[in-house]
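S.K.: Quick one: the structure is below, questions incoming.
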Amino acid sequence: MSTPTKTQTETTNRQGLARVRDLWNDYLPYWMITPMVVVMVMITFFPGAYDLYLSLIEEPTVNILASEFAGLEHYETAITRGGAINSFAITVTVVVSALLLESVIGFFLAAFVTGVESSRLKSFYRVLFILPMAVAPVSLATIGRIMLNSEIGVIPYVINTLTPLTAPSFLSDLPLLTVILLDTWNWTPFMFIIFYAGLSSVPDTLVEASRVDGAPLWRRYVHVIIPYIKPVVFVAVLIRMIDLFRTFGVVYGLTQGGPGTATQLVSINIYEQMFINNAPGVAAAIAVVYLVFVIAIANIVIAKVGFEGVWD
């Protein structure tokens, strides 16, 4: 009697393993994305939900259910006394200006390197133009404060010595322009890398055909090359735009949002409301509105330009 029982048990075990294996194979894509989904919930959706919760209560308490509902009070405070509108305007100015400069300069640098014939020179220029991106934001801010200092800075010294002009106090008189130019120097290499990859992918036959047809250089770029790499340009601009909305370290390290509120980006405003003014509800309200604003801008850009040709 023992042999049949043992055989039956082994058969049952094999059937169970077969069912588990079939279940694994049938739902393999879902098992593979499960870790990513769990991480996304932990670092994105849960903090976002908690941020929304903080923006709608009076004061955070240990017992979430016992918190007093505040309605839209924190949102009103953020707009009227929290400086949200001013920080939004400054942030949009920085994002638009820096994005335009980085895109234009990055494209011209990529076009220049693409046109270089010598492979050694190409390698040299690629390394040279990528170097600024290797500097950490906090280090860049510290170096910038030293170099732009009116008394010991090398940049004011050069301007005063080699030109008839008097160097302005960059961090006091031109803080917003200084922030934009410093960010442009730091992140133009990112745009250069992507644009260079896109320009390198343009078929030589396409460029040669336009050259044979007698098209001048600017027409080849406007009517042939740029339309061909449009998906690359779109992805680069979209990614950099979203990243610019997240700017914090280099601006805070350079000016701490000053002088006054001249360079107070939304990210700096949120930080100050939370850790300096001890107003977590106001900080959370600004963060929620900012998130919705950035998502709306990104979706408008996607809707107007679209992903057509990006995945081809």
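The values are calculated or read from the model by the stated rules, or taken from the named source; none is laboratory data. What you see is a predicted model, and the numbers here were worked out from it, not measured in a lab. Every residue, glycine as well, gets a Cβ built from its backbone with ideal geometry; the counts of neighbours run over all protein chains shown.
S.K.: Give the residue, chosen from ASN278, ASN299, that is at positive phi, in the same structural domain as ILE85 (by TED's automatic domain parsing) and exposed (fewer than 14 other Cβ atoms within 10 Å of the Cβ).
M.R.: ASN278
S.K.: For region 63-107, enumerate the residues that are of a type in the set (S, T, N, Q) and surrounded by fewer than 18 Cβ atoms within 10 Å (Cβ to Cβ).
M.R.: Listed by number, the residues that qualify are ASN63, SER67, THR80, ASN86, THR93.
S.K.: Which members of region 123-154 meet the condition of being part of a helix (DSSP H, G or I) and of a type in the set (Ser, Thr, Tyr)?
M.R.: The answer is SER123, TYR125, SER139, THR142.
S.K.: Give the residue that is surrounded by the fewest Cβ atoms within 10 Å (Cβ to Cβ), with candidates limited to residues of region 45-62 that are of a type outside the set (Val, Ile, Thr), outside any helix (DSSP H, G or I) and at pLDDT 85 or above.
M.R.: Per the stated criteria, the residue is GLU58.
S.K.: Another question, if that's okay. Tell me whether region 190-201 contains one or more residues that are under 18 Å from the mean Cα position of the chain (by Cα), among the hydroxyl-bearing types (Ser, Thr, Tyr) and in the same structural domain as TYR125 (by TED's automatic domain parsing).
M.R.: No, region 190-201 contains no residue that is under 18 Å from the mean Cα position of the chain (by Cα), among the hydroxyl-bearing types (Ser, Thr, Tyr) and in the same structural domain as TYR125 (by TED's automatic domain parsing).
S.K.: Evaluate region 71-88: report whether one residue or more is in a helix (DSSP H, G or I) and in contact with a Pro (Cβ under 8 Å, 6 or more places away or on another chain).
M.R.: No: region 71-88 contains no residue that is in a helix (DSSP H, G or I) and in contact with a Pro (Cβ under 8 Å, 6 or more places away or on another chain).
S.K.: Are there helices (runs of 4 or more DSSP H) fully within region 192-291 with at least 3 residues that are in contact (Cβ under 8 Å) with a residue 12 or more places away in the chain? List them.
M.R.: Passing ranges, in order: 204-212, 230-245, 249-255, 266-271.
S.K.: Something else now. Using the structure shown, decide if ASN277 is more than 26 Å from the chain's Cα centre (by Cα) and within 30 Å of ILE90 (Cα to Cα).
M.R.: Yes; evaluated as a whole, the condition is true for this residue.
S.K.: Can you tell me which condition LEU174 does not meet? The list is (1) over 19 Å from the mean Cα position of the chain (by Cα); (2) loosely packed, with under 13 Cβ neighbours inside 10 Å, and all the others hold.
M.R.: Condition not satisfied by LEU174: (2).
S.K.: Here's a follow-up. Given the conditions (1) surrounded by 11 or more Cβ atoms within 10 Å (Cβ to Cβ); (2) within 20 Å of VAL289 (Cβ to Cβ), report the number of the one that MET40 does not fulfil.
M.R.: It is condition (2) that MET40 fails.
Quick grid of which residues meet (1) among the aromatic types (Phe, Trp, Tyr); (2) under 30 Å from SER123 (Cα atoms):
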| site | (1), (2) |
| --- | --- |
| ALA167 | no, no |
| PHE170 | yes, no |
| ASP183 | no, yes |
| PHE195 | yes, yes |
| ARG211 | no, yes |
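S.K.: Might you let me know whether region 90-111 holds any residue that is farther than 20 Å from ASP183 by Cα, part of a helix (DSSP H, G or I) and either in the same structural domain as TYR290 (by TED's automatic domain parsing) or more than 21 Å from the chain's Cα centre (by Cα) (or both)?
M.R.: Looking for residues that are farther than 20 Å from ASP183 by Cα, part of a helix (DSSP H, G or I) and either in the same structural domain as TYR290 (by TED's automatic domain parsing) or more than 21 Å from the chain's Cα centre (by Cα) (or both), one finds at least one in region 90-111, hence yes.
S.K.: For region 134-155, state whether one or more residues are more than 18 Å from the chain's Cα centre (by Cα) and farther than 23 Å from THR263 by Cβ.
M.R.: no
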